[in-house]
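> Quick one: the structure is below, and I'll ask about it shortly.
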Amino acid sequence: MRKAFGPLVGIVGVMFVAAPFLIARAPYESTMGLVQKIFYFHVPSWFAMYEAIAVCGVASAIYLFKDRPDADRYAASAGELAVLFGLMGLVTGPLWGRKAWGVWWQWDARLTSALLLELIFVAYLLVRKYGGPGSEKLAAATAIFGAATVPFVYKSVDIWRTVHPTTNVVPTLKAPMGGPFAFTSLAFLLLCFVLLKLRVSLARRQAALDEMYLALED
Amino acid sequence: MGFRRVMIALTSVVLVSCAMLAGVSAAALTMQPPAGQSEFVPVETLPPGDQLPAAPLLITAYAFVWVAVMFYLWTIARRLNTVETEMRALAQKTARR
């Protein structure tokens, strides 16, 4: 895996450099025009957030029930990435909405639930940082709760009537739009994976440092 | 007679309430947001006037993604550097003992 990591970083870099060219060649959407091209970064950033949340939720469950420290490192790293990619979605969305809907924000089911999901993972990080001894377990429970809300956030546009496009948009994309979208989605998922590996390696070094301090005290 | 008046009054209240509720419901239904799009339809060309106002929003969105990723990478590098420095200092301390 270590040997493959360097080339993987290179591939992700090339994909992100190539993405704007593919997006520029993609056709305009009939009602929204140019601004709809934010879609090619906006939706993949949510996909990457869901990927990070899935890792965080599963790793938190493993840590909570099996008490494996490395699972906690994965959970903490993925929690940070969930906030990072969620922030991208929350910033790029209103930029798109300003032109498409005429407003920066609507308190509808999708936007509000997405904001709450982001806040759950901000809370996860705050609990870890300021919760004191044993806060990892409390944070792990928060992460599982956060992961359980993802299906509701995803399906909110189908369940409630909102201004946000439905989940039917992506499966029905025509090939000239679907190609660049698949490409940028893959780029974001790989970027999330690369950042996760980097952040986990940092967490492992921090754990090693803590062990050194403990050994020194003994 | 008294019972009949009470019944008439109650019936009137119920009817008026129902009418008001129906009015409010109808108003609420008309205030619902339009349904979200279920399909994106591609087009070949776009009037230049429609393109210009959207460009700054599009560029800002892409730039934000890049800046966010770069900032996060910088924080990882900074934290890693701090940990490595502390580890080296501790290793030296242990060696001196």
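The values are calculated or read from the model by the stated rules, or taken from the named source; none is laboratory data. In this text the structure is predicted, and so the values were computed from the model without any measurement. Using ideal geometry, Cβ is built from the backbone for each residue, glycine included, and neighbour counts are taken over all protein chains shown.
> Looking at region A:1-28 only, could you name the residues that are without any contact (Cβ under 8 Å) to a residue 24 or more places away in the chain and within 13 Å of chain B (Cβ to nearest Cβ)?
A:G13, A:V17, A:P20, A:F21, A:A24, A:Y28
> If A:G102 satisfies all but one of (1) at pLDDT below 95; (2) part of a helix (DSSP H, G or I); (3) more than 10 Å from every other protein chain (Cβ to nearest Cβ), what's the number of the condition it fails?
It is condition (2) that A:G102 fails.
Yes/no matrix, rows are residues, columns are (1) surrounded by 11 or more Cβ atoms within 10 Å (Cβ to Cβ); (2) modelled with pLDDT under 95:
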position: B:I59; (1), (2): yes, yes
position: B:W74; (1), (2): no, no
position: B:A77; (1), (2): yes, no
position: B:R88; (1), (2): no, yes
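> Quick one: what pairs do we get from region B:81-97, first residue basic (K, R), second exposed (fewer than 14 other Cβ atoms within 10 Å of the Cβ), C-beta under 8 Å, 6+ apart or different chains?
That search, which allows pairs on different chains as well, returns B:K93/A:L216.
> Right, here's the next one. Check whether at least one residue in region A:82-97 is hydroxyl-bearing (S, T, Y), buried (at least 16 other Cβ atoms within 10 Å of the Cβ) and either within 14 Å of another protein chain (Cβ to nearest Cβ) or touching a helix residue (DSSP H, G or I) at 6+ places or on another chain (Cβ under 9 Å) (or both), and report yes or no. Please lay out each step first, then the result.
Restricting attention to region A:82-97, the residues satisfying the condition of being hydroxyl-bearing (S, T, Y) are A:92.
With buried (at least 16 other Cβ atoms within 10 Å of the Cβ) added as a condition, the list becomes A:92.
Now narrow it down to the ones that are either within 14 Å of another protein chain (Cβ to nearest Cβ) or touching a helix residue (DSSP H, G or I) at 6+ places or on another chain (Cβ under 9 Å) (or both): A:92.
For region A:82-97, residues hydroxyl-bearing (S, T, Y), buried (at least 16 other Cβ atoms within 10 Å of the Cβ) and either within 14 Å of another protein chain (Cβ to nearest Cβ) or touching a helix residue (DSSP H, G or I) at 6+ places or on another chain (Cβ under 9 Å) (or both): present.
> Mind checking which residues of region A:146-192 are more than 10 Å from chain B (Cβ to nearest Cβ), over 24 Å from A:R25 (Cα atoms) and under 20 Å from the mean Cα position of the chain (by Cα)?
Result: A:G146, A:A147, A:A148, A:T149, A:V150, A:P151, A:F152, A:V153, A:Y154, A:K155, A:S156, A:C192.
> Of the numbered conditions (1) under 28 Å from A:G13 (Cα atoms); (2) modelled with pLDDT of 95 or more; (3) crowded, with 18+ Cβ neighbours inside 10 Å, A:V169 fails exactly one; give the number of that condition.
(2)
> If A:A140 passes every condition in (1) within 24 Å of A:S113 (Cα to Cα); (2) in contact (Cβ under 8 Å) with a residue 40 or more places away in the chain; (3) of a type outside the set (S, T, Y); (4) within 13 Å of chain B (Cβ to nearest Cβ) but one, which one does it miss?
Going through the list (1) within 24 Å of A:S113 (Cα to Cα); (2) in contact (Cβ under 8 Å) with a residue 40 or more places away in the chain; (3) of a type outside the set (S, T, Y); (4) within 13 Å of chain B (Cβ to nearest Cβ), A:A140 breaks only (4).
> With (1) of a type outside the set (V, I, T); (2) modelled with pLDDT of 95 or more; (3) part of a loop (DSSP other than H, G, I, E, B) as the list, and A:L119 as the residue in question, which single condition is left unmet?
Result: A:L119 fails condition (3) only.
> Regarding region A:120-132, can at least one residue be identified that is surrounded by 15 or more Cβ atoms within 10 Å (Cβ to Cβ) and in contact with a His (Cβ under 6 Å, 6 or more places away or on another chain)?
For region A:120-132, residues surrounded by 15 or more Cβ atoms within 10 Å (Cβ to Cβ) and in contact with a His (Cβ under 6 Å, 6 or more places away or on another chain): absent.
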